[in-house]
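The values are calculated or read from the model by the stated rules, or taken from the named source; none is laboratory data. In this text, all values refer to a predicted model and were calculated from it rather than measured experimentally. Cβ placement follows ideal geometry from the backbone for every residue including glycine, while neighbour counts extend to all protein chains displayed.
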Amino acid sequence: MAKVKTVRREPGEVLIEMKDICKTYVMGEEVVKANDGINLVIRMGEFVSIVGKSGSGKSTLMNIIGALDVPTSGQYLLGGEDVGDMTQNELADIRNRMIGFVFQQYNLLPRLSILENVELPLLYAKVSSSERRERAMKQLERVGLQDKCQNRPNQLSGGQQQRVSIARALAGNPAILLADEPTGALDSRTSGQILRFFKELNEEGNTIVMITHDNSIALQAKRVVRITDGKINFDGPAAEYAEVIRAGQLAEARPAAAGKLAEVGRPEETGRPEEAGKPEEVGRTEEAGRTEETVRPEEVG
Ligand SMILES: Nc1ncnc2c1ncn2[C@@H]1O[C@H](COP(=O)(O)OP(=O)(O)OP(=O)(O)O)[C@@H](O)[C@H]1O
Ligand SMILES: [Mg+2]
């Protein structure tokens, strides 16, 4: 078990620091560089979206950010702690302390009440039952669903279920809210409500990292990180990203387009195409299997 470390929570403090992160999957003869030299710093109080087409490497990056998986190479510091050499138990521990997950399909446990669902992360954090109830109710009030606390998830609309999952994520008081396509299963009006709620949470000081394939959703964040073929080819304010899209410069990963993007993004953070295909970066392939089950404890309850 990792020693418990008090996390300072000061605006501007670095929460996520990635240096040349690569994640390689080997499928028979084929080597897929799902993440290929990612350099990324995210600070407390930011609202960042990570956007890219299907297969660009977003979920791979999210799994690393959320300590669900470890990179093949490169260094990842989460709240100042090096995630690279952690055991599964240590990864679970840092996840519980640092990350609140929000998934596209809500991942609520169907046989538990809304309140019990929100209490779950606190149960893992070994918070006493009275405090669990109190903190969970507070989060349900925050998302406006205290009246539904005794209902089951399937008695709620999609938007309401997603609000419950946000309450659950917040209940553990995480440093980072990490959302993977949080509006992916919702209609546009409900999506708008969820995005407005994220903005409010961010204004209250919460750090949010949101993964999406949709530019219009990505633009709701303050900062956009664009990933193409496992590399960052834009990283900057949402307003700048909007300009880039308007100028039609996002013609995907063709080298010419990447060059243009580097001008508006941060050149030092763009990928390194010259390193593509180095076989020596292959490793740890036994970990290619997703480990999301560790935060989707369906077996509990
Ligand atoms: N466990 C795995 N084993 C082998 N290849 C994988 C694995 N996970 C992802 N990949 C490959 O890595 C690349 C990036 O996948 P990833 O799931 O990160 O993309 P994504 O941007 O999340 O896509 P989507 O928008 O469709 O969810 C893809 O080529 C994918 O096929
Ligand atoms: Mg994905």
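Of the conditions (1) within 16 Å of ligand 2 (Cβ to nearest atom); (2) modelled with pLDDT of 95 or more; (3) hydrophobic (A, V, I, L, M, F, W, C), L40 fails just one. Which one is it?
The number of the failed condition is (1).
All but one of (1) farther than 18 Å from L195 by Cβ; (2) out of contact with any Ser or Thr (no Cβ under 8 Å at 6 or more places or on another chain) hold for G100; state the number of the condition that does not hold.
It is condition (1) that G100 fails.
Does A258 fit the bill of being part of a helix (DSSP H, G or I), at pLDDT below 90 and in contact with a Ser or Thr (Cβ under 8 Å, 6 or more places away or on another chain)?
Yes, satisfied.
Of all residues in region 129-175, which are polar (S, T, N, Q), farther than 30 Å from R43 by Cβ and either in contact with a strand residue (DSSP E or B) (Cβ under 6 Å, 6 or more places away or on another chain) or assigned to a helix (DSSP H, G or I) (or both)?
Within region 129-175, S129, S130, Q146, N154, Q155, Q160, Q161 meet the criteria.
Please verify whether region 84-107 includes one or more residues that are under 14 Å from the mean Cα position of the chain (by Cα), in a strand (DSSP E or B), within 16 Å of ligand 2 (Cβ to nearest atom) and buried (at least 21 other Cβ atoms within 10 Å of the Cβ).
Looking through region 84-107, at least one residue is under 14 Å from the mean Cα position of the chain (by Cα), in a strand (DSSP E or B), within 16 Å of ligand 2 (Cβ to nearest atom) and buried (at least 21 other Cβ atoms within 10 Å of the Cβ).
Looking at L178, L122, which is the one that is in a helix (DSSP H, G or I) and either surrounded by 22 or more Cβ atoms within 10 Å (Cβ to Cβ) or modelled with pLDDT under 95 (or both)?
None of the other options fit; the residue is L122.
Which residue out of V26, V14 is more than 16 Å from ligand 1 (Cβ to nearest atom) and more than 15 Å from the chain's Cα centre (by Cα)?
Sole residue among the options that is more than 16 Å from ligand 1 (Cβ to nearest atom) and more than 15 Å from the chain's Cα centre (by Cα): V14.
Mind listing just one residue for me: the one in region 72-83 that is within 16 Å of ligand 1 (Cβ to nearest atom) and over 15 Å from the mean Cα position of the chain (by Cα) and, of those, nearest to I208 (Cα to Cα)?
Out of the qualifying residues, it is G74.
Which residues, counting only those in region 34-62, are near ligand 1 (Cβ under 8 Å from one of its atoms) and either buried (at least 20 other Cβ atoms within 10 Å of the Cβ) or under 13 Å from the mean Cα position of the chain (by Cα) (or both)?
A34, N35, G52, S56, G57, K58, S59, T60, L61, M62
Considering only region 181-218, state which residues are assigned to a loop (DSSP other than H, G, I, E, B) and under 16 Å from the mean Cα position of the chain (by Cα).
Those that are assigned to a loop (DSSP other than H, G, I, E, B) and under 16 Å from the mean Cα position of the chain (by Cα): E181, P182, T183, G184, N206, H213, D214.
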